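Novice: Have a look at this one.
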């Protein structure tokens, strides 16, 4: 099983609303056959303090935009990983996340 991983790096990134700073990042490792990739959820903060959430997928460590598809068990790992990303969890409407998507801790 691939656990979710957390990343806390003050990185600047471009958005359609201008530059933003990466506040928190949650990466859920996935596999389909021999293909390995990750779905990434990033909490960004704009110049005026506006919170933005970016969903992407990553192959070989390179983030790519496009459709992000999660299986139910991947959603569970994403929700479980939000426990380590309190600001991202709050922004997504999961404040104080202690339970997984299935209601279990």
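Novice: Would you kindly state how much longer the chain becomes between residue 59 and residue 29 on full extension, computed as 0.36 nm times their sequence separation minus their alpha carbon distance, in nm to one decimal?
Specialist: Here the segment from residue 59 to residue 29 would lengthen by 9.8 nm.
Novice: At a Förster radius of 22 Å, what calculated FRET efficiency corresponds to the Cβ-Cβ distance of residue 36 and residue 90, to the nearest 0.05? Walk me through the intermediate numbers first.
Specialist: Details: r = 30 Å, r/R0 = 1.37.
Calculated transfer efficiency: 0.15.
Novice: Continuing with the same structure: So how much slack lies between residue 13 and residue 71, counting 0.36 nm per residue of separation and subtracting their Cα-Cα distance, in nm?
Specialist: Extra length from residue 13 to residue 71 when fully extended: 18.1 nm.
Only the coordinates and a few stated rules stand behind these numbers; no lab work does. Values in this document were obtained by computation on a predicted structure and should not be read as measured data. Counting neighbours? That spans all protein chains shown, and the Cβs are built from the backbone with ideal geometry, glycine included.
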